[in-house]
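Below: the structure, in C-alpha cells.
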Amino acid sequence: MTTETLTAVLLEEVDGKPRASFKSVKVADLPPYDVLVDVAYSTVNYKDGLALTGKGKIARKLPMVCGVDLAGTVAESRSPAWQPGDRVVVNGWNLSETEWGGYIQQQRVKPEWLVRIPDSFTLTEAMAIGTAGYTAMLAVLELERMGVVPDDREVLVTGAGGGVGSIAVAVLAKLGYRVTASTGRADTHDYLKTLGATAIIDRTSLSEKGLPLQRERWAGAIDSVGGTTLANVIAQTARHGAVAACGLAGGADLPGSVFPFILRGVSLIGIDSVMAPKAKREQAWARLATDLDRDKLGAMTTIAPLSAVFELADAIVRGQIKGRTVIDVRAEMPG
Ligand code: NDP
C-alpha cells in the first residue's frame, strides 16, 4: 500500500477532555518502530468500548490511535525476524493505552509484539479471535495447568454471550469438557448450545451476594464478569478446582471470603493478556489453531466497517454484543 495519509480513530484532548473521532494521520507520523504493518482488521473488545465511550480511562497518552489489536501483513521490516508479506497479529502490548493501536490502515510496531498467524486462519479469523479469543485460550491453558480435566463435573463460563465467553465455550466444548454457560440474555441460549454449551444458567443466579461456601458444583470456571458473580463462582467451585479471572464486565470488586481457598484448596488465577510473554502467546495461538472449531468461530463473528466503531463501542459496554465483531479498517468511510 502506498497511501501517505491514513484514516484513524484518534483520541485527542478537546476542551480539557479526551474525545475520539475520525482523523487523518500521515504515514510519516506513525511511531518510529521497526515493522510497518498493512492493517486489514481490528476488532471491538470491551476495553475498546471503554476507551471510545469514555466510560473507562484506557489511554494514558494523547493523541492515541485506538484499537487494542490488529491483524495484517508486514509491509516493511527493519527486523530480520519479519519479512514483507508475513501475516501477523498484535494483541495488547498497551496498544490504545500508551502505544498507537489498530483503528488505522497502517501501523508501525515493535518486532517483538508480533505473532505469526497460524496458516489455518485467515486474517479475518485471526481478528475474530482477537484479544478476547486469545485471552479465552490463556484461561483454558491455566485451567489445564491446574489439573482441571474433562470429567463428570461441569466447567462454568460466565459472560458467555460475549467475546471471551463465546470462544471459551467453543474451545472447552471441543476439548471435551461439559460446559455450563452463564448468560443474562435468553436470545443467546440457542447460540451458546451451538457453540457447545451443555447447560445454560441465568446470570442472576450468580449476581446476588451468597454464602462464602456453597454447594460444590464446578471443576473450574472462566469468568469475564468479576464482582459478586466471581465471588459466587469461587464459592461454588469444587475441592482443588480453579477459577480463571479474566474480566470485570459486572464489576471490579471481589466481595468474597478466603474459605474456598483455605478449606477447599480452590485456586484463583489472574489472566493478563496485555503483557503476556511471547512464548505464552505463541502457545495460545497454536492451541487456538487446533482447538477452536472454525465453523463455530464463523458463527460467532460479525464484520463491520471502521465507520461503525463508535456505535459498536457503545453496544459492547451495554453488554449487547453477541460473540465477536471484526472491524474492516479498509472499508469505505462514508462521505
Ligand atoms: P463482551 O462485552 O463481549 O462480553 C462481556 C459479557 O459479560 C457480556 O456479553 C455479558 O454476557 C456479560 N455482562 C455484561 N455486563 C454484565 C453485568 N453487568 N453483569 C453480569 N454480566 C455482564 O466483552 P469481552 O468478552 O471482550 O470482555 C469480557 C471481559 O474480559 C471485559 O471485562 C474485558 O475487559 C475483559 N478482558 C480482559 C482481558 C485480560 O487480559 N484479562 C482481555 C480481554 C478482555 P451475557 O449477556 O451472556 O451475560
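The values are calculated or read from the model by the stated rules, or taken from the named source; none is laboratory data. Just so it is clear, the model here is predicted, and its values are computed rather than measured. Positions of Cβ are generated from backbone atoms using ideal geometry, with glycine treated the same way; all protein chains shown enter the neighbour counts. Note: areas computed on protein heavy atoms with side chains; ligands, DNA, RNA excluded. Shrake-Rupley method; radii C 1.70, N 1.55, O 1.52, S 1.80 Å.
Given a 1.4 Å probe and heavy atoms of the protein chains only, how would you sort 216, 4, 142, largest accessible area at the top? Don't jump to the answer; show the numbers that get you there.
On the way: 216 60, 4 125, 142 20 Å².
The ranking, largest first, comes out as 4, 216, 142.
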Checklist entry - Sorting 287, 145 by accessible area (1.4 Å probe), largest first, what list results? => result 145, 287
Item to check | Modelled label reach - residue 5, point 7 Å along Cα→Cβ, the range 86-100 residues with backbone N closer than 15 Å | outcome: none
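May I have the convex hull volume per residue, in Å³, for the Cα set of the range 242-300? Could you put the intermediate results ahead of the total?
On the way: hull volume 8.7 nm³, N = 59.
Once divided by residue count, the hull of the range 242-300 is 148 Å³.
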Item to check | the range 183-223 versus the range 122-158: alpha-carbon centroid distance in Å | outcome: 16 Å
Checklist entry - So what's the back-of-envelope 222 nm ellipticity for the chain, counting only DSSP H runs of four-plus at -39500 (n - 2.57) apiece and dividing by all residues, rounded to 500? => result -8500 deg cm²/dmol
Checklist entry - With every protein chain present, what accessible area does residue 234 have (1.4 Å probe, heavy atoms only), rounded to the nearest 10 Å²? => result 10 Å²
Checklist entry - Can you give the translational diffusion coefficient of the range 38-132 in µm²/s, computed by Stokes-Einstein from the Kirkwood radius over Cα pairs at 20 °C and 1.002 mPa s? => result 161 µm²/s
Item to check | Accessible area (Å², per residue) of the chain, counting only protein heavy atoms and a probe of 1.4 Å | outcome: 42 Å²
Item to check | Label-to-label distance, nm, for residues given as residue 311 and residue 279 (7 Å Cα→Cβ offset) | outcome: 4.6 nm
Checklist entry - Counting only the heavy atoms of the protein chains, how much of residue 194 is accessible to a 1.4 Å probe, in Å² to the nearest 10? => result 90 Å²
Checklist outcome for this item: Rounded to the nearest 10 Å², the 1.4 Å probe accessible area of residue 41 is 40 Å²
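Dipole magnitude of the range 130-270 about its Cα centre, charges +1 at Lys/Arg Cβ and -1 at Asp/Glu Cβ only, in debye to the nearest 20?
On the way: 12 positive and 12 negative charges, 34 e Å.
In debye, rounded to 20, the range 130-270 gives about 160.
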Next on the checklist: As an exercise, use a Förster radius of 51 Å and the Cβ-Cβ distance of residue 214 and residue 26 to find the FRET efficiency, rounded to the nearest 0.05.
Outcome noted: 0.35
Checklist entry - What does the range 130-270 give for Rg and for Dmax, in Å, if only its C-alpha atoms count? => result 13.3, 39
Checklist entry - What does the chain give for Rg and for Dmax, in Å, if only its C-alpha atoms count? => result 19.8, 62
Checklist outcome for this item: Among the range 292-330, those whose backbone N falls under 12 Å of a label point 7 Å along Cα→Cβ from residue 174 are 292-299
Checklist entry - Does a label point 7 Å from the Cα of residue 112, set along Cα-to-beta-carbon, have any residues of the range 274-309 with amide nitrogen under 13 Å, and which are they? => result 275-279
